[in-house]
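Single-structure report; data block below.
The values are calculated or read from the model by the stated rules, or taken from the named source; none is laboratory data. Keep in mind that what you see is a predicted model, and the values were worked out from it rather than measured. In this analysis, Cβ positions are derived from the backbone assuming ideal geometry, glycine residues included, and neighbour counts consider all displayed protein chains. Heavy atoms of the whole protein, side chains included, go into the accessibility calculation; ligands, DNA and RNA do not. Shrake-Rupley method; radii C 1.70, N 1.55, O 1.52, S 1.80 Å.
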Amino acid sequence: MDTYDQPRSLASPIDLCAAIDAAVTAAHAGAAILQSYAHHRADLVIDRKARNDLVSQADREAEAAIIQELQARTPKFGIVAEETGGKAQGAATWYIDPLDGTTNFLHNIPHYAVSIALIAHAGTAVSANETLAEDTPVVGVVYDPSREELFTAVYGLGAWLNGRRIQCSRTQTIEDAVLATGFPFRDFSFAGQYMPMLHDAINRARGVRRMGAAALDLAWTACGRYDGYWEMGLAPWDVAAGTLILREAGGACSDMHQQDPWPIGGRVVAGNRAIERALHDMIAPHLDKKG
């Protein structure tokens, strides 16, 4: 378990209202840079970090703008970002994905988002009456600039799409569900586990969709467009914001192995509460045991 550099149980509660305001401002700043490049994709310089793992100056410049805004407004929080790294520290840490859906973006597919989340660490007070027992997402923003859809959530207060409260679907069975997923695309080591899961889902569910942006998969599940979602091989910044948005919309979002308090390991199972449980049951027979 991670340790941090200060005792927090005696500190004042963190200001979640100020944090969500900072995150929304930062998301808009990052998205403005993405959209300026979206109209000049031919000019983008693209680097290949690994197979099917691309980064452009759009990612880097958007991330820099987001970090600048967050550091100015919440200087005591840690920052972990996709391109520049960082570490968890202080009472809470920002997890930033400046461009979730990079491949879509680079291929002019208008399905990508900025994702920003604040994870409050164990021992942090989030109100006068509550101190967290484990690391917990407490602020989440997912912004889709192509559709101008802003998904937001604050711990204990709810989730919203463009200011209107959202809720998960009420679908009760996988047979009636539309599910979202993501195929192995960078790390193929778990393909032997994943492909039987996909086979089962295709044969049981009403439909299975693969859109290529995990943050939006979670946000779309939160507002009822999807009934459930599972994926493997993600990064913490892919799922941090969407985890809270979905939970605050009345759903469940969990670590596939049901060990971590949120899917920090990048193996996520999510949906309304009935579908999340059903997905765990569907996945379990194919999942390698984790030590």
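One table, with the values for the structure above:
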read-out: Helix runs (DSSP H) in the chain reaching 30 Å along axis by Cα, Kyte-Doolittle at least 1.0; value: 16-38
read-out: Accessible area of the chain divided out per residue, in Å², using a probe of 1.4 angstrom; value: 44 Å²
read-out: Built amide H within the under 5 Å cut-off of residue 92, gap 5+; value: 78, 121
read-out: Sum of side-chain charges, residue 63 neighbourhood, beta-carbon under 10 Å (Lys, Arg +1; Asp, Glu -1); value: -4
read-out: Cα-based Rg of region 16-165 normalised by 2.2 N^0.38 Å, two decimals; value: 1.07
read-out: Dipole axis of the chain (+1 Lys, Arg; -1 Asp, Glu on Cβ), positive-most option in 259, 18, 126; value: 259
read-out: Length-normalised contact order for region 16-165 - Cα pairs under 8 Å, 6+ apart - percent; value: 20 percent
read-out: Whole-percent carbon and sulfur share, accessible surface of the chain, 1.4 Å; value: 49 percent
read-out: Distance (nanometres) between label positions extended 7 Å along Cα→Cβ at residue 164 and residue 103; value: 3.3 nm
read-out: Tail weight of P(r) past 12 Å, computed on alpha-carbon pairs of region 236-291, percent; value: 63 percent
read-out: At R0 = 30 Å, FRET efficiency that the Cβ-Cβ distance of residue 190 and residue 84 yields, to 0.05; value: 0.65
read-out: Mean projected area (nm²) of the alpha-carbon convex hull when the chain is viewed from all directions; value: 14.4 nm²
read-out: Selection of trypsin sites (Lys or Arg not before Pro), region 53-120, meeting DSSP coil and at most 14 other Cβ within 10 Å; value: 76
read-out: Nearest-20 debye value, the chain charge dipole, Cβ charges on Lys, Arg, Asp, Glu; value: 440 debye
read-out: Cα-centred dipole magnitude for region 174-286, charges only on beta-carbon of K, R (+1) and D, E (-1), debye, nearest 20; value: 180 debye
read-out: Separation in nanometres of the label points that stand 7 Å from Cα toward Cβ, at residue 148 and residue 17; value: 2.8 nm
read-out: Full-extension gain in nm, residue 47 to residue 200, via 0.36 nm per residue minus C-alpha separation; value: 51.5 nm
